[in-house]
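The values are calculated or read from the model by the stated rules, or taken from the named source; none is laboratory data. No experiment lies behind these values; they were computed from the predicted model shown. Backbone-built Cβ (ideal geometry, glycine too); neighbour counts: all protein chains shown.
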Amino acid sequence: MLGSEARADGVLLDLGISSRQVDGSGFGFSFQQDEPLDMRFNPEADIPTAADIVNTWSREGLVAVLREYGEEPRAGAIASAIVRQRPISSTVQLASVVAGAAGRQSGRRTHPATRTFQALRIAVNDELNTLTTGLQAAVDLLAPSGRLAVISYHSLEDRRVKTFLAREAAQCICPPRLPVCVCQHQPRVSLVNRRIIRPSAGEIAENPRSRSARMRVAQRLAE
């Protein structure tokens, strides 16, 4: 266990959720089996469940969640359908409602409810704010020349990681409209790879769920 003064030479953050949670029962992450709408990583946590969000939030609130966390282009139609069909208590019931509202879109390989389920899971667990907190703690923990590697699995996570690391590596974070720098910002990391690292064909063949993985790496600067 690291002491309060200990520093790490490397930190790896793998942002993927456990296959056990997706494939197993009791979490309600997947519509492949019919389960209660929960979606909490910790089923004992005293936080609103996906069922609470689906059945109590306003249409406008649902639209905002689906657009921000699911990047769902049919957010308005889906939110309206959810409100009309309340109460919705199970994963299969929600997937059916979403599929009826979104329809099959040409060229799309995933189920129409995939983005809705992602959005609800992120909202329930406050994943993006938790990610920012974790990134900050990881950089704080690194020793000089120590490296932070972050593996994300969807664009929302990757953008949050990219923005955070870019800010930590920047010489100046002043608004662009200012003619001179006044922020006195000191960069704490350098970017090891400016382009994301993706899995190889062999890795994807061995583990198909790795196909969406994206890795970014940064190195802690001397203090």
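Of the residues making up the stretch 60-82, just one is touching a helix residue (DSSP H, G or I) at 6+ places or on another chain (Cβ under 7 Å), surrounded by fewer than 16 Cβ atoms within 10 Å (Cβ to Cβ) and over 15 Å from Phe117 (Cβ atoms), namely Ser80. Does Ala6 meet the test of being part of a loop (DSSP other than H, G, I, E, B), among the small types (Gly, Ala, Ser) and modelled with pLDDT under 90? Yes.
A count restricted to the stretch 10-56 and to residues that are charged (D, E, K, R) and either touching a strand residue (DSSP E or B) at 6+ places or on another chain (Cβ under 8 Å) or surrounded by 15 or more Cβ atoms within 10 Å (Cβ to Cβ) (or both) stands at 5. All of Asp52, Asp14 fail the test of being within 30 Å of Ala222 (Cβ to Cβ) and either in contact with a Pro (Cβ under 9 Å, 6 or more places away or on another chain) or not aliphatic (A, V, I, L, M) (or both), apart from Asp14. Take the conditions (1) of a type in the set (Ser, Thr, Tyr); (2) at pLDDT 95 or above; (3) not assigned by TED's automatic domain parsing to the domain that holds His111; Ser25 misses just one of them, which is (2).
Selection of helices (runs of 4 or more DSSP H) fully inside the stretch 57-153 by the criterion of at least 3 residues being out of contact with any strand residue (DSSP E or B) (no Cβ under 9 Å at 6 or more places or on another chain) and within 30 Å of Glu223 (Cα to Cα) returns 127-141. In the stretch 194-223, the residues that are farther than 21 Å from Asp140 by Cα form Cβ pairs under 8 Å with partners that are aliphatic (A, V, I, L, M) and assigned to a strand (DSSP E or B), at six or more places apart or across chains, as follows: Ile196/Met215; Ile197/Met215; Ile197/Val217; Arg198/Met215; Ala213/Ile151; Arg214/Ile151; Arg214/Ile197.
Exactly one residue out of Arg220, Arg177, Arg147, Arg198 is within 21 Å of the chain's Cα centre (by Cα) and at negative phi, and it is Arg198. Each residue in the stretch 194-223 was checked for being assigned to a strand (DSSP E or B) and over 13 Å from Val150 (Cα atoms), and 1 of them qualify. Among residues of the stretch 86-99 that are closer than 9 Å to Val54 by Cα, those with a beta-carbon under 7 Å from a residue that is surrounded by 14 or more Cβ atoms within 10 Å (Cβ to Cβ) and among the polar types (S, T, N, Q) at least six positions away or on a different chain give the pairs Arg86/Asn55; Pro87/Asn55; Ile88/Asn55.
Of Glu223, Glu206, all but one fail to be surrounded by fewer than 17 Cβ atoms within 10 Å (Cβ to Cβ) and at pLDDT below 90; the exception is Glu223. One residue is enough: does the stretch 141-157 have a residue meeting the conditions within 28 Å of Asp46 (Cα to Cα) and either in the same structural domain as Arg40 (by TED's automatic domain parsing) or without any contact (Cβ under 8 Å) to a residue 12 or more places away in the chain (or both)? No, every residue in the stretch 141-157 fails to be within 28 Å of Asp46 (Cα to Cα) and either in the same structural domain as Arg40 (by TED's automatic domain parsing) or without any contact (Cβ under 8 Å) to a residue 12 or more places away in the chain (or both).
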